[in-house]
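Right, one structure below, let's go through it.
Where a number appears in this text, it was derived from the coordinates with a stated rule and is not lab data. Predicted model only: the values in this text are computed from it and were never measured. Positions of Cβ are backbone-derived with ideal geometry, glycine not excepted, and every protein chain shown enters the neighbour counts.
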Amino acid sequence: MHIYKTVRGLQNRLDQLKKEGKTIGFVPTMGALHQGHMSLVNSANEKADITVVSIFVNPTQFNEKSDLDKYPRTLEKDAALLKSNHCDIIFAPSETQIYPKDGLPKVGLDITHLIQSMEGPNRPGHFEGVVQVVHRLLSIVGPDYLFMGQKDFQQFTIIGHMLKKLKLKTKLIVCEIIREKDGLAMSSRNVRLTPAIRKKCSLLYETLTWCKANLNKYSIKTLEKKALEKLSQKPFKTEYYKIVDGYDLMPISDISNHKYIVACTAVWAGKVRLIDNMILKNVSSNKK
Ligand code: AMP
């Protein structure tokens, strides 16, 4: 495994590998890696010849500076974990490598329709920052496959839209959510939960699971209302709990007209913002 810190160094190596006919799987991350990230690495190892993981805490996708400042940075530990999971290449660039002083061309992509709800209104500018950094990273790495987690449902939907609209050759592969034993979705932010609050965090998974089990019993409006009631327990504060169409992320009023339905939520657990989701219906792939 090798760590590259510059675009030039990485690209020299990747050019060589591509000339040898190797396929490239790419996993963009912000570091503070856990088993959720490793599942993406494992999928990349299975699908592609070479696995590249980027570690870059992207300032343009943080709408709050304090969140950016508090974001855990653990490069040495991350590198050890990646090595033991057979990652081939780490790309850990500085900010100027990603955002050169003379600027980058604007990504000509309209995402307005995909940021109307959920993370969009609650994190102004966030997805513009995500699009900008993923577009830049893809232009540097030029991978055959891009691996992203279902954990960030709106994010992978927007990136899928970008790949399609800009006719990029990279294929998106979405990996399922990896959870702790009690159901809490793994996240780099979980280390900031106090032990007392952490004990209660299974509530999100329980609520999503309840919602899925009752999809045919209640209307969408009632499901959302009951889910919000379940989540309204101290120390939690819910930002949203939405049931939407999984393709266009638009609110839905009944289940019969939609093949792919997902419930998404964002909840403050004390000072830590957690997001989670669950696919409630997916007729297109026969998944439950
Ligand atoms: P992040 O470092 O949080 O930006 O995440 C990098 C990638 O890992 C994103 O595609 C996330 O969706 C994915 N990811 C984060 N947490 C999990 C998880 N618990 N299970 C699966 N994928 C995850």
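Tabulated data
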read-out: Protection proxy ranking of 265-277, 44-56 - average other beta-carbon atoms within 10 Å, highest first; value: 44-56, 265-277
read-out: Square roots of 5 times each gyration tensor eigenvalue, C-alpha, the range 62-210, largest first, Å; value: 27, 21, 17
read-out: Long-range HN-HN contacts of Leu280 with modeled amide H, under 5 Å; value: Ile261, Val262, Ala263
read-out: Exposure proxy order (Cβ contacts within 10 Å, fewest to most) of Thr112, Thr6; value: Thr112, Thr6
read-out: Cβ crowding within 10 Å averaged over residues, with 120-133, 223-236, 25-38 ranked highest first; value: 25-38, 120-133, 223-236
read-out: Lysine pairs meeting the criterion (Cα under 23 Å, 8 or more apart or interchain), as found in the range 83-195; value: 9
read-out: Global form of the range 141-244, assessed from the alpha-carbon gyration tensor, a/c cut-off 1.5; value: oblate
read-out: Share antiparallel - DSSP beta bridges, the chain, percent rounded to 5; value: 55
read-out: Value in Å of the Kirkwood radius, where the range 198-286 supplies the Cα pairs that are averaged; value: 13.2
read-out: Cβ crowding within 10 Å averaged over residues, with 243-250, 149-156 ranked highest first; value: 149-156, 243-250
read-out: Distant alpha-carbon pairs in the chain (separation over 37 angstrom), percent; value: 14
read-out: Alpha-carbon centroids, the range 216-234 and the range 132-211: separation in whole Å; value: 24
